[in-house]
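Reading through the structure tokens given below for one structure.
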Number of protein chains: 2
Amino acid sequence: MKESAPAAQPWIPTLEEVAALAGVSSSTASRVINGSPRVTEQTIARVNAAIAKVGYVPNRAARNLASRRTQTVAMMIPERTAEFFADPYFAEVIQGAAMYASSTEYSLTLLIESEKDPEKTHQFLRRGNVDGALILSHHSGSSTYRELARTLPVVFGVRPPGEMGDEIHIVDVDNHAAAVLGTQHLVDRGRTRIATITGPLDTFAGRERMRGWSETLVAAGLDPAGSEEGDYTPAGGAAAARRLIAADAPFDAVFIASAQMASGAMGVLKENGLRVPADVAVATVDNNVFSTGTTPPLTTVDLHTAAKGAAMMATIVRLIKGEHIGIQTLVPMDLVERESTAI
Amino acid sequence: MKESAPAAQPWIPTLEEVAALAGVSSSTASRVINGSPRVTEQTIARVNAAIAKVGYVPNRAARNLASRRTQTVAMMIPERTAEFFADPYFAEVIQGAAMYASSTEYSLTLLIESEKDPEKTHQFLRRGNVDGALILSHHSGSSTYRELARTLPVVFGVRPPGEMGDEIHIVDVDNHAAAVLGTQHLVDRGRTRIATITGPLDTFAGRERMRGWSETLVAAGLDPAGSEEGDYTPAGGAAAARRLIAADAPFDAVFIASAQMASGAMGVLKENGLRVPADVAVATVDNNVFSTGTTPPLTTVDLHTAAKGAAMMATIVRLIKGEHIGIQTLVPMDLVERESTAI
DNA sequence: CTGAAAGCGCTTACAG
DNA sequence: CTGAAAGCGCTTACAG
């Protein structure tokens, strides 16, 4: 089945050739390419002209070998890839990171962590095959990434288990504030019996969002009108909505901790003859197809998830360059009002 | 803001050290690592022991430079990344490709194509920085990727504009068959007034799915009960459903060309007092959160999208290795029956 | 500001 | 089956 040859490589210009064309040494050509300040304007122009003429692109392998950098950042993906990619949240973070990367010299590689043999993955990372790693998800309880962070720049997009130490860099959103924003909006709309569908309460984000809902009610002098736990999926949201209704504590609004859950919950509300927003106002979190695609579309807290991905990438690049930066970066958010909370 | 140093690199073992430890030359150690057949069992064992002992991982840059391969495959992402990643379909293809890649020596890099300066991206690709490229999307009308395919192994996940030439390798699903499968199921359920919400009709897939719906009706001796065009989004599906209802041609079933559109359409059906499946049976395409998260869950044609991504990766690897393979790979599909078409 | 030279860590004909 | 040697295409002190 083998063919003669994998398509004869066409002509690929080399640094030396560019240098010759520009009438300089390859050292100088290299300096121009790498933006060294110690080169004449004129030389720069000549080299750039030569580069443009032959369409020169540096050979990454050679460059990386010589400079001992890889210009590569790994995005770590848990082995349960199907679940991971099913959540548009992660896709959006990846999108933001990839977009930011494209504006830099770094490229983003998807690296799936073997859960049976995490050591293999970690060795790959530690052995100089990437300049840094981005962690979006991890088996809670595992602290392997924390260890990795001691020998390699690592940026977390979720809070790793255990205490925050100085060695951890995290880019996150203020989940408590997000829930306050969404819930307060329901209060401002005059709703007084506000329920919630929470995220998984064994996650930090899930608990924080619930706390935001609860504290907002207390501050407004309102009693909670019910709380059910969901799992961030539409089906989970639908199930939680059913339990909420079955509990028979009347509610005129519900803060749902994710748009995916909200989209599932909407169908259940309708089935039970509850009109949105007339009977029940709905506010949620995440501005994506799940919040725009329902009827009516949902008021939501936009967490700027793509911006979070970009911020993670920006942070890892700065860490790689050896900059000294803060432990935590918070990504801003805002409320997007739609029909589901119209008066 | 600069710090002293980017964290002293810890000890990274080198091939030479592994070789010394095993008592062989680095040539031999290299052969063991690369699975050359011309090495003694004993030598292999000794080298592997040394590798395990020091936790050796080959330096990719050196390896790539010496072997003139990159072990990297680029997944091309259009510059409108937000739209691209919003569709779970693409995320699922990426997932499958990444998963397959992790079982090989290849790594998958996300490469965003600059649309203002596509030449820049293409030069990067052509200049030996990747071994192959995967194309999931492209501006129709552009034939640049076809040109690229003449100098670099390229696998398409969508049909490029223009004629299929021998130089094009494509991994796809039979969209016509998918629509036949879904529509025939509605016919088998005894529905006789079957409408459709199509995908964008300026795409090959959109037209093929519509043709499948239409031909199935003809074969069953049924008249079409209406057809509206959607755009693969929930909002687009909702709008199409509204038009379908407004057209006032009664229908008792609808084949919707994507689950995203179906999820939007479901809300509109309910609003209009149409019960699913009692009044209207719904069959769709894509087995993801959009088909499982609605109430009731949707009967759908599972296109095995992750398998498609894996097949794309498998195909590019074979092409890179110089194997002679067929122009087209079709990924199988199957029908998943759920409540939306229950009798 | 520029160049000659060494070296990054591997692979791979070439001999044996 | 194994080793010595050359070389992959860059970067980067080191001199000047």
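Every number here is computed from the coordinates shown, using simple stated rules; none is lab data. From a predicted model like this one, the values you see are computed outputs, not experimental measurements. Neighbour counts run over all protein chains shown; Cβ positions are idealised from the backbone, glycine included.
Temperature 10 °C, viscosity 1.306 mPa s: under these conditions the Stokes-Einstein estimate for the range A:113-258, based on its Kirkwood radius over C-alpha pairs, is 92 µm² per second. By a straight-distance test (C-alpha under 19 Å), which aspartates and glutamates pair with B:LYS120 as possible cross-link partners, with residues fewer than eight away in the same chain excluded? In chain and number order, the partners are A:GLU105, B:GLU79, B:ASP131, B:GLU147.
For the options B:GLY157, B:GLY309, B:GLY55, a Gaussian network treatment of chain B with springs between C-alpha atoms closer than 10 Å singles out B:GLY55 as fluctuating the most.
Taking the Cβ of B:VAL336 as the center, what net charge do the other residues with Cβ under 11 Å away carry, scoring Lys and Arg +1 and Asp and Glu -1? Summing Lys and Arg as +1 and Asp and Glu as -1 gives -3. Could you compute the FRET efficiency for B:SER25 and A:GLU16, with r as their C-beta to C-beta distance and R0 at 22 Å, rounded to 0.05? For R0 = 22 Å, the calculated efficiency reads 0.15.
Between helix A:41-54 and chain A there is an angle of about 80 degrees, using the helix long axis and the longest principal axis of the Cα atoms. Could you work out how far helix A:305-320 tilts from the main Cα principal axis of chain A, as a 0 to 90 degree angle to the nearest 10? The answer is roughly 40 degrees.
Are any of the pairs A:LYS270/A:LYS308; A:LYS308/B:LYS116; A:LYS116/B:LYS308; A:LYS53/A:LYS321; A:LYS116/B:LYS53 more than 28 Å apart by Cα-Cα distance, and if so, which? Flagged as over cut-off: A:LYS270/A:LYS308; A:LYS53/A:LYS321. The range B:166-211 and the range B:41-109 have Cα centres spaced 35 Å apart. Each pair of Cα atoms in the range A:15-58 enters the Kirkwood radius, and Stokes-Einstein at 37 °C and 0.692 mPa s then converts it into a translational diffusion coefficient of 334 µm²/s. Rounded to a whole number of µm²/s, how large is the Stokes-Einstein D of the range A:204-243 at 25 °C and 0.890 mPa s, given Rh as the Kirkwood radius over C-alpha pairs? The calculation lands on 220 µm²/s. If R0 is 41 Å, the Cβ-Cβ spacing of A:ASP248 and B:VAL218 corresponds to a FRET efficiency of close to 0.20. Each Lys or Arg adds one and each Asp or Glu takes one away; over the other residues whose Cβ falls under 13 Å from the Cβ of B:ILE170, this sums to -2. Ascending distances from the A:ILE12 label point to its copies in the other chains, with the point 7 Å along the Cα-to-beta-carbon line: 2.1 nm. For the pair A:GLU115 and A:ALA278, a Förster radius of 35 Å applied to the C-beta separation gives a FRET efficiency near 0.15, rounded to the nearest 0.05. Within the listed set A:THR203, A:THR14, A:THR183, the Gaussian network model of chain A (springs between alpha-carbon atoms below 10 Å) gives the highest mean-square fluctuation for A:THR14. Taking the number of Cβ atoms within 10 Å of each Cβ as an exposure proxy, the fewest-first ranking of A:ASP202, A:ASP174 is A:ASP202, A:ASP174. Each helix, a run of at least 4 DSSP H residues, gives -39500 (n - 2.57); summed and divided by the residues of chain B, these come to -13000 deg cm²/dmol at 222 nm. Distance between the C-alpha centres of the range B:222-263 and the range B:306-342: 28 Å, rounded to the whole angstrom.
Position A:HIS324: other-copy label points at 6.4 nm, ordered by increasing distance, label point 7 Å along Cα→C-beta. Note on the protein assembly as shown: Cα convex hull, mean projected area over all directions, 34.0 nm².
In chain B, one over the average inverse separation of all distinct C-alpha pairs is 23.0 Å, which is the Kirkwood hydrodynamic radius. Taking the longest Cα principal axis of chain A as reference, the axis of helix A:234-246 is set at about 20 degrees. Considering only B:THR198, B:THR81, B:THR216, the Gaussian network model of chain B with Cα springs below 10 Å gives its largest mean-square fluctuation to B:THR81.
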